[in-house]
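Input: a single structure, listed below in structure tokens.
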Ligand code: DON
């Protein structure tokens, strides 16, 4: 009887993972009718998303997969790419170097803030906002932009356990309206905090945001971080366990923008959102949830994705604290 789940949890008797499939469907059913929020407005093509879409998936560290609703509907990964590119950058350059170049703190300002950069001498501070993500993408190895981009695409594909491809329409739409990110790239360059051509790096960043994933993919990608860097579905080691720890610490501090503290306080698991409506939440040693619903709250976080993951956090005992 699912009606008793929250009460059971509050008395300490966790229902456990034996009912996970049922609970994923229940989380989806409970929030399927919620129509609150608005689709993203500032990227033209995202404004055309179907607000009815709602997908949910959980993947555990043993590789068990549980999908509900539109879990295999593709959408552009957007800002969720930031955490996985960040993991690849630490794998390549190490904890200290990436910490010093990009920083690990929450800016407390919106994800596309120029002021956040100006207030900190051009130091991005936070790899989960656009300036920090552009600085992180610049750290990808490769002699040419094409090589750097291929490194990003292959790396994220290894997390997902399948070849991810670019959504050309989203990439084009965003490229045409990308002046703000180009401005952030130029400002980083002006402060001497970006190596290479800033427009070329912003272009790779724009491509990484336009990679297509599904809620199911997000759950596999997150479960790879939960599993200490080994993709639990393919068995491939993607990054080291130390990289997972570093990445999840930063995601906990800043994954839901300026609502990150509230999210950690109420739900208690590192999670990253993106403006197309995706959220991935990672419970180390247990597994991850991926969710997708395009209707967003005022901070740009998917409403139904937050509600469904919140329910699963309570029902599966995912809260870290
Ligand atoms: O750069 C942008 O604004 C989008 N490609 C991604 C924004 C997003 O998902 C929110 N980010 N933290």
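The values are calculated or read from the model by the stated rules, or taken from the named source; none is laboratory data. These numbers come from a predicted model, not from an experiment. Positions of Cβ are backbone-derived with ideal geometry, glycine not excepted, and every protein chain shown enters the neighbour counts.
This table checks each residue for (1) within 15 Å of residue 274 (Cα to Cα); (2) touching a strand residue (DSSP E or B) at 6+ places or on another chain (Cβ under 7 Å); (3) part of a loop (DSSP other than H, G, I, E, B).
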| site | (1), (2), (3) |
| --- | --- |
| 34 | no, no, yes |
| 40 | yes, yes, yes |
| 45 | yes, no, no |
| 57 | no, yes, no |
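When each of 305, 276, 298 is tested for being in a loop (DSSP other than H, G, I, E, B) and surrounded by 24 or more Cβ atoms within 10 Å (Cβ to Cβ), the lone residue that passes is 276.
Out of curiosity, is residue 275 out of contact with any helix residue (DSSP H, G or I) (no Cβ under 8 Å at 6 or more places or on another chain), assigned by TED's automatic domain parsing to the domain that holds residue 223 and within 16 Å of the ligand (Cβ to nearest atom)?
So residue 275 fails the test.
Checking 50, 67 one by one, the residue that is part of a strand (DSSP E or B), surrounded by fewer than 22 Cβ atoms within 10 Å (Cβ to Cβ) and assigned by TED's automatic domain parsing to the domain that holds residue 295 is 67 and no other. Among the residues of the stretch 180-202, those identified as in a helix (DSSP H, G or I) and either away from the ligand (no atom under 12 Å from the Cβ) or over 20 Å from residue 77 (Cα atoms) (or both) are 183, 184, 185, 186, 187, 188, 189, 190, 198, 199, 200, 201. Taking the criterion of being within 14 Å of residue 205 (Cα to Cα) and more than 15 Å from the chain's Cα centre (by Cα), the residues of the stretch 142-152 that qualify are 145, 146, 147, 148, 149, 150, 151. Restricted to the stretch 177-186, and to residues that are free of Cβ contacts under 8 Å to residues at least 60 places away in the same chain and in contact with a helix residue (DSSP H, G or I) (Cβ under 9 Å, 6 or more places away or on another chain), which residue is surrounded by the fewest Cβ atoms within 10 Å (Cβ to Cβ)? Only one residue tops the list, namely 186. Scan the stretch 126-163 for residues that are in a loop (DSSP other than H, G, I, E, B) and buried (at least 24 other Cβ atoms within 10 Å of the Cβ) and the total you get is 5. Say whether the condition of being part of a helix (DSSP H, G or I) and touching a helix residue (DSSP H, G or I) at 6+ places or on another chain (Cβ under 6 Å) is met by at least one residue in the stretch 102-113. Within the stretch 102-113, one or more residues are part of a helix (DSSP H, G or I) and touching a helix residue (DSSP H, G or I) at 6+ places or on another chain (Cβ under 6 Å).
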